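Novice: I have a structure here, written as structure tokens, and I will follow up with some questions on it.
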Amino acid sequence: MTSGPPASSTKDIDDPAAPPLAFATLAKGLSARVVTSGVAAPNLDMGALWPVGNPTWLLYCNEEGPSDPGVQRINLATGAATTIVPVRA
């Protein structure tokens, strides 16, 4: 890849009940699927696929609030979310 996409998404979706794929704009030739919806923590950030060679997990931080899980993992095959580092108050 030598440059970014010609334009950013033009969609502005404010409906939290919208289908999850409505929030993604993909480049031509790419496809996406929803791994989990409504199961994991609500505000995911800093995600990484693991292990690198053949990922089976998505590891990420939750930035929702101090009473919510700190780090969770999502099983890519089942969509199950598990807290692996809880937040300590």
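The values are calculated or read from the model by the stated rules, or taken from the named source; none is laboratory data. None of the values given here were measured: they were computed from a predicted structure. Cβ coordinates were reconstructed from backbone atoms using ideal geometry, including for glycine residues, and neighbour counts include every protein chain displayed.
Novice: Can you find, within the range 47-66, the residue that is modelled with the lowest pLDDT among those that are farther than 21 Å from Arg33 by Cβ, assigned to a loop (DSSP other than H, G, I, E, B) and of a type outside the set (Gly, Ala, Ser)?
Specialist: Kept after step one, since they are farther than 21 Å from Arg33 by Cβ, are these residues of the range 47-66: 61-66.
After this cut, where a residue has to be assigned to a loop (DSSP other than H, G, I, E, B) as well, the list is 63-66.
Narrowing further to those that are of a type outside the set (Gly, Ala, Ser): 63-64, 66.
Working: Glu63: 79, Glu64: 76, Pro66: 70.
Ranking the candidates gives Pro66 first.
Yes/no per residue for (1) touching a Leu at 6+ places or on another chain (Cβ under 7 Å); (2) among the hydrophobic types (A, V, I, L, M, F, W, C); (3) without any contact (Cβ under 8 Å) to a residue 60 or more places away in the chain; (4) part of a strand (DSSP E or B):
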{"residue": "Ala17", "(1), (2), (3), (4)": "no, yes, yes, no"}
{"residue": "Leu21", "(1), (2), (3), (4)": "no, yes, yes, no"}
{"residue": "Arg33", "(1), (2), (3), (4)": "no, no, yes, no"}
{"residue": "Asp45", "(1), (2), (3), (4)": "no, no, yes, yes"}
{"residue": "Asp68", "(1), (2), (3), (4)": "no, no, yes, no"}
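Novice: In the range 70-89, which residues are touching a Leu at 6+ places or on another chain (Cβ under 8 Å) and either polar (S, T, N, Q) or at pLDDT below 80 (or both)?
Specialist: Gln72
Novice: Another one. It is to be established whether one or more residues within the range 29-38 are on the phi > 0 side of the Ramachandran plot and out of contact with any Ser or Thr (no Cβ under 8 Å at 6 or more places or on another chain). Spell out the reasoning first.
Specialist: We begin by selecting, within the range 29-38, every residue on the phi > 0 side of the Ramachandran plot; these are 29, 38.
With the extra rule that they be out of contact with any Ser or Thr (no Cβ under 8 Å at 6 or more places or on another chain), the set shrinks to 29, 38.
Yes, the range 29-38 contains a residue that is on the phi > 0 side of the Ramachandran plot and out of contact with any Ser or Thr (no Cβ under 8 Å at 6 or more places or on another chain).
Novice: Next question, about the same structure. Please go through (1) at pLDDT 75 or above; (2) farther than 19 Å from Ala81 by Cα for Lys11 and return the number of the only condition it doesn't satisfy.
Specialist: Of everything listed in (1) at pLDDT 75 or above; (2) farther than 19 Å from Ala81 by Cα, Lys11 misses just condition (1).
Residue-wise test of (1) surrounded by 15 or more Cβ atoms within 10 Å (Cβ to Cβ); (2) out of contact with any Asp or Glu (no Cβ under 7 Å at 6 or more places or on another chain).
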site: Ala24; (1), (2): no, yes
site: Lys28; (1), (2): no, yes
site: Ser31; (1), (2): no, yes
site: Val34; (1), (2): no, yes
site: Ala41; (1), (2): yes, no
site: Gly47; (1), (2): no, yes
site: Tyr60; (1), (2): yes, no
site: Asp68; (1), (2): yes, yes
site: Thr78; (1), (2): no, yes
